[in-house]
1. Taking only protein heavy atoms into account and a 1.4 Å probe, give the accessible area per residue of segment 190-306 in Å².
2. Rounded to the nearest 20 debye, what is the charge dipole size of segment 174-230 about its Cα centre when +1 sits on each Lys and Arg Cβ and -1 on each Asp and Glu Cβ?
3. Per residue, how many Å² of accessible area does segment 58-131 show with a 1.4 Å probe?
4. Sequence neighbours fewer than 8 away in the same chain don't count; with that in mind, list the lysines whose C-alpha is under 17 Å from Lys272.
5. Using modelled amide H (1.01 Å from N, peptide plane; none on Pro or chain starts), what sits under 5 Å from the amide H of Gly237, excluding residues fewer than 5 places away?
6. Pop out the carbon and sulfur fraction of the accessible area of segment 101-158 as a percent, whole number, probe 1.4 Å.
7. Could you let me know the centre-to-centre spacing of segment 55-124 and segment 163-216, using Cα atoms, in angstrom?
8. Among the lysines, which fall within straight-line cross-link reach of Lys176, defined as a Cα-Cα distance under 21 Å, with same-chain neighbours fewer than 8 residues apart omitted?
Amino acid sequence: MRHLLMILLVFAAVALPRAADAPRQLIAHRGASGYAPEHTEAAYRLAIEQKADFVEPDLAVSKDGVLICLHDDTLERTTNIAEVFKDRPSKPSDATESTRRPGPHWLANDFTVAEMKRLDAGTWRDPKFAGQKVLTFEEMIGIVRGHGGIYPELKSPPLYTARGVDMEKIFVDFVKKHGLDTAASMKTMPVIIQSFDWDTVKRVAGDLPAIPRVFLTSRDEDLTEARIRELAKFATGLAPEKDVLARHPEAVKIAHDLKLTVTCWTFRADEKTKYASVRDEMQHFLYDLGIDALFTNNPDQFPRRR
Ligand code: G3P
Ligand code: CA
């Protein structure tokens, strides 16, 4: 019953002008990453416990072409790869934010799933999470299906294109193979696709028209009326970084008038802001600025209503 309600919510959010008191949606950012190591089973299960409407997996592609759940394009920040594969750092590159950081890097795309399964993805956060594994997208779906929706982000498609890997095609083939875009599947597990890559959002609009798709941005120039009009030609939602939206609150009405949802990121209890609490901050964005949904590390702090 709850999932039928969520299906209706997703499509209503896309189709109908939104009532001011329409339920807002909670997306667990990298799982409940405020309390457990991001993108692990522990973080995803806690997000479900904390009643997230959607759980976010950031996606990367392994050497053997498998979608895995990982924020960075590299493995050294959230696993012990520097120990386990110390003699196999990736060739230096300045392709993305992760690889521009100082020091050696281990690109996920240089390792197979079997090799990544040898890694510990929990101890970096806290020894009590020792033994948590790097998950494949398929394993993540196995955890979340029946408990909520998924909000996959296609991370750094140009990095893969430069390596001769078509991330968008791998994702589309996976969705079709598992029937994730069928009405029956979306009943138990709604899906919303997200990316910072404008062309990738445009491609999935054509390849997976049944699935809502959202454009992520941290650029002020993406919140102009002209740009939002351009976006509305193929996307179903706009997802600005919260401080960018705070500088352009008028973008919410512009987007809603164009039937686009507005989703902000990222709300964290461990971040110092002008608000007394992360709950107060979320309250302001949801019920004063009128956004439809948000990403948070702390699902248990989400204000369900004003
Ligand atoms: O995807 C929404 C938000 O998570 C974007 O930032 O770097 O955490 O993926 P990031
Ligand atoms: Ca993300």
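1. On the way: 5020 Å² over 117 residues.
Roughly 43 Å² per residue, with all protein chains present.
2. Using Cβ point charges on Lys, Arg, Asp and Glu, segment 174-230 gives about 380 debye.
3. Working: 3620 Å² over 74 residues.
Per-residue accessible area for segment 58-131 comes out at 49 Å².
4. In chain and number order, the partners are Lys242.
5. Under 5 Å from the amide H of Gly237 lie the amide H atoms of Arg213, Phe215, Thr261, each far enough along the sequence or on another chain.
6. Numbers: 1360 of 2360 Å².
Carbon and sulfur atoms account for 58 percent of the accessible area of segment 101-158.
7. 23
8. Here the lysines satisfying the reach criterion relative to Lys176 are Lys155, Lys187, Lys202.
The values are calculated or read from the model by the stated rules, or taken from the named source; none is laboratory data. Remember, it's a predicted structure, so these values are computed and weren't measured experimentally. Ideal geometry is used to build each Cβ from the backbone, glycine not excepted, and the neighbour counts take in all protein chains shown. Heads up: the accessible areas ignore ligands, DNA and RNA and are worked out on the full protein's heavy atoms, side chains in. Shrake-Rupley method; radii C 1.70, N 1.55, O 1.52, S 1.80 Å.
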